[in-house]
1. Can you give me the number of residues within segment 168-196 that are over 16 Å from Val105 (Cβ atoms), open to solvent by 40 Å² or more (accessible area, probe 1.4 Å) and in a strand (DSSP E or B)?
2. Could you please find all residues in segment 65-82 being crowded, with 18+ Cβ neighbours inside 10 Å and of a type outside the set (Ser, Thr, Tyr)?
3. May I ask you to list the residues in segment 122-140 that are touching a helix residue (DSSP H, G or I) at 6+ places or on another chain (Cβ under 9 Å) and either open to solvent by 30 Å² or more (accessible area, probe 1.4 Å) or at positive phi (or both)?
4. Among (1) surrounded by 15 or more Cβ atoms within 10 Å (Cβ to Cβ); (2) aliphatic (A, V, I, L, M); (3) farther than 22 Å from Glu48 by Cα, which single condition is Leu163 missing?
5. Within segment 145-158, take every residue that is of a type in the set (Gly, Ala, Ser) and assigned to a loop (DSSP other than H, G, I, E, B) and give me the one that is farthest from Ile111 (Cα to Cα).
6. Determine, yes or no, whether Val120 is closer than 18 Å to Ile180 by Cα, touching a Gly at 6+ places or on another chain (Cβ under 9 Å) and touching a residue at least 24 places away in the same chain (Cβ under 8 Å).
7. Let me spell it out: the conditions are (1) out of contact with any strand residue (DSSP E or B) (no Cβ under 6 Å at 6 or more places or on another chain); (2) within 24 Å of Asn136 (Cβ to Cβ), and Phe194 meets all of them except one. Which number is the exception?
8. Read through the list (1) open to solvent by 80 Å² or more (accessible area, probe 1.4 Å); (2) small (Gly, Ala, Ser); (3) under 30 Å from Val105 (Cβ atoms), then give the number of the only condition that Ser41 fails.
Amino acid sequence: MAKTLQTLGSNYTILIAISFFFLSTLVTSETNRFSRPLSLSKHGLKKEKLSHLHFYFHDIVSGRTPTAVKVAEAPTTNTSMTGFGTVVMMDDPLTIGPKSSSKLVGKAQGIYAVASQSEVGFLMALNFVFVEGKYNGSTLSVLGRNAVFSAVREMPIVGGSGLFRFARGYAHASTHQFNIKTGDAVVEYNVYVFHY
């Protein structure tokens, strides 16, 4: 009888330990969950919209106050036909029209780097930071390839902030003006973006 009680006590202890383990696992998984579904409306997200933005990008590399400056280059950049390895940091104005005196609507802030050895192809990693109207304080993020001598280049919009939260879309860029002596350029952008 004592042996039976001892066996029952051991089994009971094991059952309590297993129950405690499973209950603590359930409680821990509830409080330390990696992800959970959310309601769009509770986070202020309504119907998705498609917006078209049109502006001009002024890349000024010359003069006393350039808006784009070379920050790095490879040891072989100067012997490369394309400038392969050049890295440029930019804070370029975005304007409503092609003239630099046009109304400022934002800035293009980020980097571009010559990433091709066979043609002038840039890796573009930048934010369009808007300062005008209802988009003031909102951003769109671009990450893509820019083959600058193509008539129209398409780059993906990979995200955004503010009114462009959850943004996705694309940007079409076409050179409006390029000064071969100074390297300054004005590029027309048409941006198509889904957002909430």
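1. Number of matching residues: 8.
2. Going through segment 65-82, the residues crowded, with 18+ Cβ neighbours inside 10 Å turn out to be 66-68.
Within segment 65-82, Pro66, Ala68 qualify.
3. Across segment 122-140, the qualifying residues are Lys134, Tyr135, Asn136, Gly137.
4. Every listed condition holds for Leu163 apart from (3).
5. The first filter runs over segment 145-158 and keeps only residues of a type in the set (Gly, Ala, Ser), leaving 147, 150-151.
Of the ones still in play, those that are also assigned to a loop (DSSP other than H, G, I, E, B) are 150-151.
Details: Ser150: 20, Ala151: 21 Å.
Among those that are of a type in the set (Gly, Ala, Ser) and assigned to a loop (DSSP other than H, G, I, E, B), it is Ala151.
6. Numbers: closer than 18 Å to Ile180 by Cα: yes; touching a Gly at 6+ places or on another chain (Cβ under 9 Å): yes; touching a residue at least 24 places away in the same chain (Cβ under 8 Å): yes.
It is true that Val120 is closer than 18 Å to Ile180 by Cα, touching a Gly at 6+ places or on another chain (Cβ under 9 Å) and touching a residue at least 24 places away in the same chain (Cβ under 8 Å).
7. Single failed check for Phe194: (1).
8. Result: Ser41 fails condition (3) only.
The values are calculated or read from the model by the stated rules, or taken from the named source; none is laboratory data. Here the structure is a predicted model, which is why all the values come from computation and not from measurement. We place every Cβ from the backbone using ideal geometry, glycine too, and count neighbours over all the protein chains shown. Surface areas here come from the heavy atoms of the whole protein model, side chains and all, with no ligands, DNA or RNA. Shrake-Rupley method; radii C 1.70, N 1.55, O 1.52, S 1.80 Å.
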